[in-house]
Structure formats: structure tokens, C-alpha cells
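One structure below.
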Amino acid sequence: MPGLVKFLLKNAAIGFLVGVAFVGALVALDLGGIGSLLLNSSHGLLGFCLMSFMMGLSFASVQMGMAVWSQSGSDDGDRGSKPRELILPAASMQTQEAPALVPINGERHRR
């Protein structure tokens with residue numbers, strides 16, 4: 001099996017397991033009454049399986065996308081995206097010092 005296919009399948013499996021664990025946490029913590037709804041329903045197992053599959057599919061897709069995007073560079077030269085330095089607007093602005101009004105030689109300003 002090619003390396004890229006192994007890479008994508010490994011990341012898809014990781015994302016799917018995270019999605020199933022997320023659904024398990026939702027049911028165990030009974031957030032929004034989902035756990036009690038699934039446990040008291042006659043089709044609770046079907047609902048759990050459907051939620052786990054859909055959430056696992058979503059998390060697997062996100063994990064695969066993040067894994068592909070996080071790769072920097074490519075095998076054939078300098079094609080592809082390279083990480084760029086982040087320049088914030090505040091860091092690029094130059095600051096100027098404000099003049100201070102100080103009396104010279106004890107003289108005071110007269111109006």
C-alpha cells in the first residue's frame with residue numbers, strides 16, 4: 001500500500017476514534033439529555049451507532065484535512081506552501097516619543 005494511503009487511513013482512524021469518544025462523552029455526561037434519551041428509548045443502540053458513525057465521519061474528515069495541510073513542502077523542489085512569518089500590524093508600526101513639557105532654569109510659562 002502506498003505511503004500516502006497509509007498516512008490518510010491512519011489519520012482517518014484517529015479522527016474516527018476521537019469522534020466516537022466524543023459521542024461517548026456526550027452520552028456519559030448526559031449533555032442536553034441525550035444520554036437519558038438513548039438509554040430510555042427502544043432504539044437507543046441504533047441512535048448511538050448513527051451518532052457515532054456520523055460524528056466519527058466528520059472528525060475523520062477534519063483530521064485528514066489537518067494532517068494534509070500541516071505538511072510543509074513537497075518532494076519535487078520548492079513547489080507547495082511554506083510556512084510564512086506572521087507579522088501583526090501592531091508589531092510593524094513605529095512608535096514616536098511624545099515631548100514632555102518641563103520648565104527650564106526655573107522659569108515658568110506666563111500667559
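Laboratory data are not the source of any read-out in this text; all were calculated from the coordinates shown. In this text, all values refer to a predicted model and were calculated from it rather than measured experimentally. Ideal geometry is used to build each Cβ from the backbone, glycine not excepted, and the neighbour counts take in all protein chains shown.
The table for this structure:
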item	result
Full-extension gain in nm, residue 53 to residue 40, via 0.36 nm per residue minus C-alpha separation	2.6 nm
Residues whose placed amide H lies under 5 Å from that of residue 30, excluding near-sequence neighbours	35
Karplus 3J(HN,Hα) series, Hz, for the range 33-46 with 6.51 cos²θ - 1.76 cosθ + 1.60 (x for Gly, Pro)	x, 5, x, 5, 5, 5, 6, 8, 8, 6, 10, x, 5, 4
HN-Hα J in Hz across the range 47-57 - Karplus 6.51, -1.76, 1.60, θ = phi - 60°, x for Gly and Pro	x, 5, 5, 5, 5, 5, 5, 5, 5, x, 5
Spin-label model distance (nm) - residue 14 vs residue 66, 7 Å beyond Cα toward Cβ	0.9
Ellipsoid semi-axes in whole angstrom, largest first, where each is sqrt(5λ) of the Cα gyration tensor of the range 3-69	29, 11, 7
Length released on extending from residue 5 to residue 29, taking residue separation times 0.36 nm less the Cα-Cα span	5.1 nm
